[in-house]
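Worksheet for the structure shown next.
The values are calculated or read from the model by the stated rules, or taken from the named source; none is laboratory data. Keep in mind it's a predicted model, so treat the numbers as computed, not measured. Cβ coordinates were reconstructed from backbone atoms using ideal geometry, including for glycine residues, and neighbour counts include every protein chain displayed. For the accessible areas, the whole protein counts, side chains as well, though only heavy atoms, and no ligand, DNA or RNA atoms are used. Shrake-Rupley method; radii C 1.70, N 1.55, O 1.52, S 1.80 Å.
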Amino acid sequence: MNSVATLVAQIQGLSGSTSDVNQLHTILKQFEDLFKSESTRLAPLLTELNPSIHSLGYLYILEACSSAPISKEQASELVLSVARFIDLSAAEQIRLAPDKFISVCKRFKDQIMLLEDPMRGVAPMLTALRKLQYSSVQLTTLHPDFLLLCLLAKCYKTGLSILEDDIFEVDQPRDFFLYCYYGGMICIGQKKFSKALELLHNVVTAPMSVLNAIAIEAYKKYILVSLIHLGQFSISFPKYTSSVAQRNLKNFSQPYLELVNSYCTGKISELESFVQANNEKFESDKNLGLVKQVVSSMYKRNIQRLTQTYLTLSLQDIAHTVQLNSAKEAEMHVLQMIQDGEIYATINQKDGMVRFLEDPEQYKTCEMIERIDSSIQRMMVLSRKLTDMGEQLSCDPLYLGKVGRERQRFDFDDFDTVPSKFTI
């Protein structure tokens, strides 16, 4: 312990300037074995350090302490210590040892899961990933853990805060798969189906050399969200989808593809019968709630079809045509669709007639012009970014060597085996 005590003094003395911290980092790496052998006796030393000033040294000691097995009772104390460190630590110091910081944060997440209190981990994990990031375009390995905690705590709006970032830098393919999958589920929880489709689409079409369970589960949800949001689903894959996904995903999703066929008939009774017959399968996949939304969306699609044929129609006729139980139920559906901007119509309460209208948007308001301009600016930034990435890739010796030898499409070599079924 004398050596460790001496090290604490060095941590206190070498946490000022950048050069001192770099020197300290070299010293700390030389004491790795000592940290491991003394891991159960290091916790008291943390009281001698200030996490905001001595962040690097504090991190090394905290990582060693948290590596030892702990009980559920000790887990609560560890969670408090790590949360405090995450909040107070200096980003420029913890980035010198990102693996250590990631290790501490992942153990923090594990203890939060053990305590079955995901809400406690949401704010600290968001702070952690922001401190770990060099810029908002970087996907860290903490992003999926943060989104998982948001899902379990039902903090969907908090999860959305990082999904608004444009991601261009990905270190580990698995992190990208999980980030998009969890992100898609958060968007589903917030009824942001367009963004959910984008994220789930990224999972399904991402490069892969071996099919993985995350892509399978994402494909199932992608089918369901497409039906809910678009009222249709194309079984054809985009050209840039990996051959592995194109060959195998449909084999793992047959009930969902059959659901698409049933949905396309437009007959609500057939769809309900199919869902009832496959209820156990959808429930075991934890997708029954989404399937029920698919059934509900068929009423909307059938009402939308009526707007293409009729200018006026009675609520009773709408109820009969789309197989609703009463004119009152038809009225509730029409009112909700008007409120959501899915149709444009007015209801005459006296005679129960619905008058369908044209889209009133003229695309010349200040608000619409600002939205269009914002979209154009974002596209220009994206175009420049893609051009820069293309130029960097064209000069990459590894890429050029691979293309020259194989003359085939670049693909990530990410998963060695197919993981077990993925659920959250």
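Look through the range 349-369, keep the residues that are basic (Lys, Arg) and under 30 Å from Ser326 (Cβ atoms), and return whichever of them is modelled with the highest pLDDT.
The residue in question is Arg355.
List pairs: first residue in the range 36-49 and under 12 Å from Glu63 (Cα atoms), second residue open to solvent by less than 50 Å² (accessible area, probe 1.4 Å) and among the polar types (S, T, N, Q) anywhere in the structure, Cβ distance under 9 angstrom, at least six positions apart or on different chains.
Partner pairs satisfying both residue conditions: Ser39/Ser66; Ala43/Ser81; Leu46/Ser81.
Return the total of residues in the range 173-207 being in contact (Cβ under 8 Å) with a residue 40 or more places away in the chain, closer than 19 Å to Ile235 by Cβ and open to solvent by less than 10 Å² (accessible area, probe 1.4 Å).
Matching residues across the range 173-207 total 2.
Can you find a residue in the range 132-143 that is among the aliphatic types (A, V, I, L, M), farther than 24 Å from Phe168 by Cα and part of a helix (DSSP H, G or I)?
Taking every residue of the range 132-143 in turn, none turns out to be among the aliphatic types (A, V, I, L, M), farther than 24 Å from Phe168 by Cα and part of a helix (DSSP H, G or I).
Taking the residues in the range 291-313 that are hydroxyl-bearing (Ser, Thr, Tyr) and not in a loop (DSSP other than H, G, I, E, B) as candidates, determine which candidate is most open to solvent (accessible area, probe 1.4 Å).
Thr312
It is to be established whether one or more residues within the range 347-357 are of a type in the set (S, T, N, Q) and over 27 Å from His229 (Cβ atoms).
yes
If I ask for residues that are over 13 Å from Leu80 (Cα atoms) and either part of a helix (DSSP H, G or I) or under 17 Å from the mean Cα position of the chain (by Cα) (or both), which ones from the range 109-118 would you list?
Asp110, Met113, Leu114, Pro118
For Leu88, indicate whether it is free of Cβ contacts under 8 Å to residues at least 60 places away in the same chain, of a type in the set (A, V, I, L, M, F, W, C), under 21 Å from Leu7 (Cβ atoms) and surrounded by fewer than 17 Cβ atoms within 10 Å (Cβ to Cβ).
Yes: the conditions hold for Leu88.
Check every one of the helices (runs of 4 or more DSSP H) wholly within the range 229-290 and list those with 3 or more residues that are of a type in the set (A, V, I, L, M, F, W, C) and over 27 Å from Ile343 (Cβ atoms).
Where helices (runs of 4 or more DSSP H) fall fully within the range 229-290, none carries at least 3 residues being of a type in the set (A, V, I, L, M, F, W, C) and over 27 Å from Ile343 (Cβ atoms).
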